[in-house]
Amino acid sequence: MRETSPYRGRRRSSSFSDRITHLDELDAERRYQEEAATADRGLGALHHIRSRTRSRTNEVVLNWEPNDPENPYNWSSMKKTAILIYTSILVINSTMGSALPSMAIPAILRYFNVHSENQQVLPISVYLIGYVFGPIIWGPLSEHFGRRDLSFVTFVLFMLSTMACALAPNWPALLVFRFFTGVFASSPIAIVAGILADVYGEPTTRGRAYAIFMVATTFGPLLAPIVSGFTSETIGWRWCFWIALIFAGVTLVLTPFLPETYGPILLSRKAKRIRKADSNSRVIAPRDLEETSLSQLLTVVLTRPLRMLLFEPIVTTTCAYLSLIYSIFYMSFQAFPIVFQDVYGLSPGVTGLAYLSIGGGACLTFPIFYYWDITLSRAQARNAAWVKREEYRRLPLACIGGPLFVISLFWLGWSAKSSPSFVAPMLAGIPFGMGFLLIFMALLNYLTDAYEIFAASANAAASCCRSLFAVVLPLATTHMFHRLGIAGACSLLGGLSAVMCIIPFVFIWKGPSIRSRSPFCIALRERKEEMMRKSEEEKDRRERTQLQEKEEIV
């Protein structure tokens, strides 16, 4: 029998804010009921497109057995590592494409006879517009059609769009093709995170795999300026797209070796095999009990990321911080040529090599993350009180990364002068890469811990926000650096980052009280309490049954 939701009977108000609150409560109620009805569905319960459960009494619902070899959690470490390597290569393809024409833009503008300074950032910006579609479209679709098949289809379309960029006959065509390339390239960003969650059930190993995923997302854009920088001044700007297409072709060859990882689809396939082998079998998978509710999809599911962005202070401030950091990262693709080509007279290819310092900084986060991971594991083993708070588990890394990111911007701005060597501003990329990755790993993990079953929506809000900001803010980069100078522009960005870097400290201070007033977090807390109560009742029932059996034997 379904439990009564704690959200029933609350008073409704006609005011706008109360209507929003009521929608949050309705959302929480439905999620509460979904979890109550499908508590053993695994990862299928984390995403919300398939929303309602039909009642069937004449069928047997198939679930994973303990140590089932078909369960992705139980796959061998070698198989999981192979999946991690391949998906990381997929992500590098995607993110490398975002900044691929960065060092070739002057050559592209000359070829198409484009003189507007405002348009020079468009080949990167329109690509990032396509990134907005990842969490909105590809993530949910991967739960209907599977991770593997959708990854293959979108990657082929990504390759075709990249080839179209290489063959673009004019400037508008190039921008259109770049947009579609970004749309299809956003698929790995959305799907790979789900794949890692599918195969890594243990939080420690999943966190380490996710750290590798984050490094891959950072390294891709850093490789792109090297490719476009050397090709544009030697064999022509079109070859930066041809080289990317060759790399994608090699990646595509490996696609058949990527298995399906989404648990509900694997269970559905297993149920079909059983029914095919035995025509009298009534075995079905949990996803076969589900049906899509269009009204719930439109009124609750698709509005959830927006409502969390507007009315959840933790999500709002986290999105603002991540959007600024992400935008500054993509602003560097206009700023570095100003610094290293205009001030030091370096070639586009050598300027592209300057981005490797950012990659080096990103790699240096591994020891920090690994040490913190070990510290957390030891604290959890001895049941330390501090590790039970989400803020203490995740945010200290952001408290380190924030100041490092601020220092890097002031370092870059005030060392970029003709008198010291170009190595001085180039080395600013090390704390830049460290800070960037530490902030992202900490805050995205914090959103996941704080919102649990609503984490997909919280991360979707963060992803859409930062992609939109990365489209808009870099449009002002060239004007800002020319008007304020390198030192002034970097100081402005460093000042904004310094203001934002207090956010993790505020979360550590006030995070629990903020979450205690959140309808989403209230739903989670009450659901946990209900699950614990049911667990205790089930334990007592089993003990009584065992006691009765012993008495009957005696």
(message) I'd like the accessible area for His482, computed on protein heavy atoms only with a 1.4 Å probe and all protein chains in place. Round to 10 Å², please.
(response) 110
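In µm²/s, what is D for the range 321-403 at 4 °C and 1.567 mPa s, where D = kT/(6 pi eta Rh) by Stokes-Einstein and Rh is the Kirkwood radius from Cα pairs?
Answer from the Stokes-Einstein relation: 83 µm²/s.
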(request) Post the alpha-carbon centroid distance, the range 60-107 to the range 432-492, in whole angstrom. (result) 23
(request) Roll a 1.4 Å probe over the protein heavy atoms and report the accessible area of Tyr392 in Å², nearest 10. (result) 80
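Shape verdict for the range 175-229, please, from the Cα gyration tensor: rounded (a/c under 1.5), prolate (a/b greater than b/c) or oblate.
oblate
Please compute the Kirkwood hydrodynamic radius of the range 286-439 from all pairs of different C-alpha atoms, in Å with one decimal.
18.7
Is there a pair in Lys276/Lys534; Lys510/Lys539; Lys270/Lys539; Lys270/Lys534; Lys80/Lys388 whose C-alpha atoms are over 32 Å apart, and which pairs would that be? Please list the in-between numbers first.
Values: Lys276/Lys534 36 Å; Lys510/Lys539 36 Å; Lys270/Lys539 30 Å; Lys270/Lys534 29 Å; Lys80/Lys388 29 Å.
Where the Cα-Cα span goes over 32 Å, the pairs concerned are Lys276/Lys534; Lys510/Lys539.
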(message) Quick check on the range 310-365: what does the Kirkwood estimate of hydrodynamic radius come out to from the alpha carbon pairs, in Å?
(response) 13.3
(request) Once you have all Cα-Cα distances for the range 112-154, histogram them in 5 Å bins from zero and send the whole-percent values. (result) 5, 18, 19, 15, 13, 9, 8, 8, 5, 1
(request) Once you have a ≥ b ≥ c as the square roots of the Cα gyration tensor eigenvalues for the range 436-521, tell me rounded if a/c is under 1.5, and otherwise prolate or oblate according to whether a/b is larger than b/c. (result) prolate
(message) For Glu543, what accessible surface area do you get with a 1.4 Å probe? Give it in Å², rounded to 10.
(response) 90
(request) Would you mind giving the average projected area, over all directions, of the Cα convex hull of the range 60-210 in nm² with one decimal? (result) 10.9
(message) If amide hydrogens are placed 1.01 Å from N in the peptide plane, which non-local residues have theirs closer than 5 Å to the one on Val283?
(response) Val60
(request) Could you please put Ser377, Ser125 in sequence from largest to smallest accessible area, using a 1.4 Å probe? (result) Ser377, Ser125
(request) Would you please put 462-475, 333-346 in order of how densely packed they are, using the mean number of other Cβ atoms within 10 angstrom per residue and starting with the highest? (result) 462-475, 333-346
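The values are calculated or read from the model by the stated rules, or taken from the named source; none is laboratory data. All values reported here derive from a predicted model rather than from experimental measurement. Virtual Cβ from ideal backbone geometry, glycine too; neighbours counted across all protein chains shown. The protein model used for the area step is the full one, side chains on, heavy atoms only, and it has no ligands, DNA or RNA in it. Shrake-Rupley method; radii C 1.70, N 1.55, O 1.52, S 1.80 Å.
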